[in-house]
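Rule-based calculations on the coordinates, nothing more; no lab input. Just so you know, these numbers come straight off a predicted model, no measurement behind them. Here Cβ is always computed from backbone atoms with ideal geometry, including for glycine, and neighbour counts include all displayed protein chains.
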Amino acid sequence: MKVVGARLPRYDGVAHVTGRTQFVDDVRVYGMLWAKALRSPHHSALIRKLDTSKAEQMTGVHAVVTSRDVPKNVYGHLEALGIPADEPLLADGDVGYKGQPIALVAAESEEAAAAAAEAIEVEYEEREPLLDIRKAGDPDAPKIHQWGNWYPHFEAGLDRRQIRKGDIERAFADADRIVSGVYRPAAIEHVPMEPQTALVVPEASGRLTIYSCTQALYFSMGVVAAHLQWPLNKLKFVGGTVGGGFGGKVDTATETVSALLALKSGRPVKWRWTREEEFLCSSTRAPWHMEIADAVTSDGWILGRKMLTLHDAGAYARFSPYGLTKHSFHHTGAYTIPNLHFDGYVIFTNRVPTTAMRGFGVTSVSFATELHMTRIAHELGLDPFEVRLRNANRIGDTSPNGVVYTDPSTVPTILAIADAIGHELAADYRAMTRDPRQGELLPEHLLAQVGNPEDH
Amino acid sequence: MRLTVNGVTREVDSPPLTPLLQVLREELGITSPKAGCQQGGCGACTVLVGDEPRRSCLLPVAALDGAAITTLEGLGGPDRLSAVQTAFYDHYASQCGFCTPGMILAVEGLLRRGEQPNRAEIEEALAGHFCRCTGYVKILAAAEALARGEVQPAVHDPLGQGSPDQPEILVPGSPA
């Protein structure tokens with residue numbers, strides 16, 4: 001063990017502390033133009049008229065692009081995983097969220113580009129927006145997405161991610177008590193210190209060099225290539241230096257449009273978002289609505305869980321179906337519950353599209369589950385640590401989607417927390433390990449779910 | 001109009017109300033001050049005017065005619081780190097690196113103001129400097145180590161080849 005536990009110097013540490021690290025905005029090329037976006041001022045609207053002619057004539061303006069300039073405007077970030085495309089790169093005919101880009105200008109200064117973007121003439125016909133995921137299914141809710149108000153393309157034609165495990169009806173019939181809770185973590189903006197920025201340089205070879213702050217370089221390369229309908233070998237991506245991302249820079253936010261502007265103008269183009277754009281227009285962590293009802297025994301076993309999750313995707317699917325799938329796999333948290341009935345929906349709203357953020361889809365359910373464990377303990381008059389330890393994942397337990405745990409860390413983690421805060425535990429709990437269940441920790445209701453870790 | 005930046009006096013052509021940040025980055029090509037928010041809220045554009053940390057995004061360059069500006073490039077280069085740079089490097093007080101130039105100059109300014117600052121004074125000096133990666137713990141640890149006088153400027157030798165005036169970095173207790 002030469003490396004684990006050792007304090008090694010950061011390979012980029014000297015560059016960071018001497019100001020030599022080159023972020024995208026620090027790259028200097030000759031003849032560079034600046035890009036600015038015309039963005040939707042409305043949550044939901046039809047675009048009745050879009051006229052860029054005045055902007056195109058303005059001093060210092062070299063290119064204006066709209067949806068008509070995009071070879072493949074609608075592209076799905078996860079088409080390779082079977083999630084179909086629904087999001088236009090630039091709005092075409094209507095807008096689904098406030099801040100959605102409609103047109104972009106490349107000009108010789110940021111000021112000139114901003115003035116030209118403002119000079120683009122647009123007429124909107126406002127529509128009633130849907131902003132609350134709980135109202136998406138109401139009969140009078142506005143219909144806001146081509147597929148309906150929630151994502152309908154899960155496997156087997158399902159309009160939800162569902163998990164059915166064990167015998168949920170028996171679990172609820174056998175319960176001493178039903179403990180219910182509703183949990184609603186809000187949207188969170190990633191706020192990377194470096195705003196979304198791209199610099200695209202058209203090369204004499206016909207290729208594009210793209211300086212990108214993406215967290216997912218090859219992924220972004222694929223997205224740009226798809227929109228342009230170009231082969232990958234015409235794109236040279238320069239990346240890896242990210243001024244904070246936290247999931248928000250998985251989205252390919254600036255590279256593609258900058259590439260279109262660079263191609264149209266024949267000049268290098270930089271698009272650097274303002275802090276205001278970061279807050280108003282960039283993707284966020286999703287808001288969630290989670291309803292949990294647990295069938296529990298008076299001594300603290302959880303026999304079964306019914307759960308309904310609404311995941312706010314914002315205006316387009318983007319990565320949300322994937323996030324909800326992870327959420328569903330983790331919907332029992334770090335605990336073993338043998339009988340499950342889970343329904344999760346990816347709901348469309350007229351908010352900014354949501355995306356990955358540090359534990360995509362899982363932090364929401366961890367938040368809900370941990371609060372719910374404490375709620376169960378309080379309702380039963382038991383120690384919250386002991387309720388957790390009793391139900392904690394052990395080697396050989398199975399996850400909601402049938403994976404047998406070989407290396408669960410719940411028990412040692414909870415014991416360490418108890419130690420850290422000086423929480424007294426009864427001796428039998430203090431002695432717990434993560435080893436396979438036996439004796440009192442393997443009651444009848446958990447027998448059927450125990451698997452063989454050797455098989456996995 | 002003239003600015004002295006990192007000891008070099010430069011003629012500046014930008015219009016008088018251009019923010020110093022833009023003059024440094026776009027006219028002079030000095031890129032360590034970052035355009036994090038461009039409204040004085042995040043601290044990433046901080047430079048020293050004289051010995052005073054200032055938000056360069058809010059300073060019209062006309063107000064600085066003749067002033068001496070220090071950016072992070074002016075503290076120490078990769079082969080010879082200043083004490084504050086050494087502390088940040090040794091304490092892992094930089095993660096993505098984007099807020100680091102402003103953080104280091106805020107601490108540099110604090111130490112130039114004199115006597116060993118206490119924890120509250122360090123926190124006050126770093127108020128308004130946002131970091132989204134570290135949680136500030138390591139940044140504060142670096143600043144406190146400096147305040148205690150524990151950190152000296154260091155010769156750094158990333159390639160392990162030594163530098164002409166100090167060929168070896170000796171570990172404490174070395175027989176050499």
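With a Förster radius of 25 Å, plug the Cβ-Cβ distance of A:L382 and A:R358 into 1/(1 + (r/R0)^6) and report the FRET value to the nearest 0.05. Once rounded, the FRET efficiency stands at 0.20.
Taking 8 Å as the Cα distance limit and 6 or more residues as the minimum spacing, I'd like the relative contact order of chain A as a percentage.
Relative contact order here is 17 percent.
Within chain A, which DSSP H helices have Cα atoms that stretch 24 Å or more along the helix axis and a mean Kyte-Doolittle hydropathy of at least 0.5?
On the way: long enough: A:362-380 (27 Å, 0.38).
What comes out of the filter, once short or polar helices are dropped, is none.
Taking every DSSP bridge with both residues inside the protein assembly as shown, close to 75 percent are antiparallel.
Which values of log₁₀ I(q)/I(0), to two decimal places, follow from the Debye formula for the protein assembly as shown at q = 0.08, 0.11, 0.12 Å⁻¹ with a uniform point scatterer at every Cα? Result of the Debye calculation: -0.73, -1.18, -1.27. Farthest toward the positive end of the dipole of chain A, out of A:P41, A:V224, A:I163, is the Cα of A:V224, where the dipole comes from beta carbon charges about the Cα centre.
Counting only DSSP beta bridges with both residues in region B:2-74, tell me the antiparallel percent, nearest 5. Of all bridge pairs located within region B:2-74, approximately 85 percent are antiparallel.
Could you give the dipole magnitude of region B:80-153 about its Cα centre, charging the beta-carbon of Lys and Arg +1 and that of Asp and Glu -1, in debye to the nearest 20? Mind showing how you got there, number by number?
Working: 7 positive and 8 negative charges, 38 e Å.
Charge dipole of region B:80-153: 180 debye, to the nearest 20.
Other residues lying with their Cβ under 13 Å from the Cβ of A:P412 contribute a combined charge of +1, Lys and Arg counting +1, Asp and Glu -1.
Could you pull out the longest piece of chain A with no exposed loop GluC sites (Glu not before Pro) in it, calling a site exposed if DSSP puts it outside H, G, I, E, B and it has at most 16 other Cβ atoms within 10 Å? Formally, the longest exposed-site-free interval is A:204-423. Check A:A63: other-chain or 5+ apart residues with amide H under 5 Å from its amide H, H built from backbone geometry? Sorted by chain and number, the residues that satisfy this are A:A106.
Charged neighbours of A:L46, selected by a Cβ distance under 13 Å, balance to -3 (K, R count +1; D, E count -1).
Taking the Cα centre of region A:57-106 as the origin, how large is its charge dipole in debye, to the nearest 20, when only Lys and Arg (+1) and Asp and Glu (-1) carry charge on their Cβ atoms?
For this selection, approximately 160 debye.
Taking all Cα pairs closer than 8 Å and separated by 6 or more residues, the relative contact order of chain B comes to 23 percent. Other residues lying with their Cβ under 12 Å from the Cβ of B:D90 contribute a combined charge of +2, Lys and Arg counting +1, Asp and Glu -1. Taking every DSSP helix (H) stretch of at least 4 residues in chain A, weighting each as -39,500 (n - 2.57) and dividing the sum by the residue count yields a mean residue ellipticity at 222 nm of -7000 deg cm²/dmol. Dipole size of the protein assembly as shown about its Cα centre, with +1 on Lys/Arg Cβ and -1 on Asp/Glu Cβ: approximately 780 debye, rounded to the nearest 20. The alpha carbon centroids of region A:345-402 and region A:187-213 are separated by 36 Å. The residue among B:V107, B:L81, B:A143 whose Cα reaches farthest toward the positive pole of the charge dipole of region B:80-153, with charges on the beta-carbon of Lys, Arg, Asp and Glu, is B:L81.
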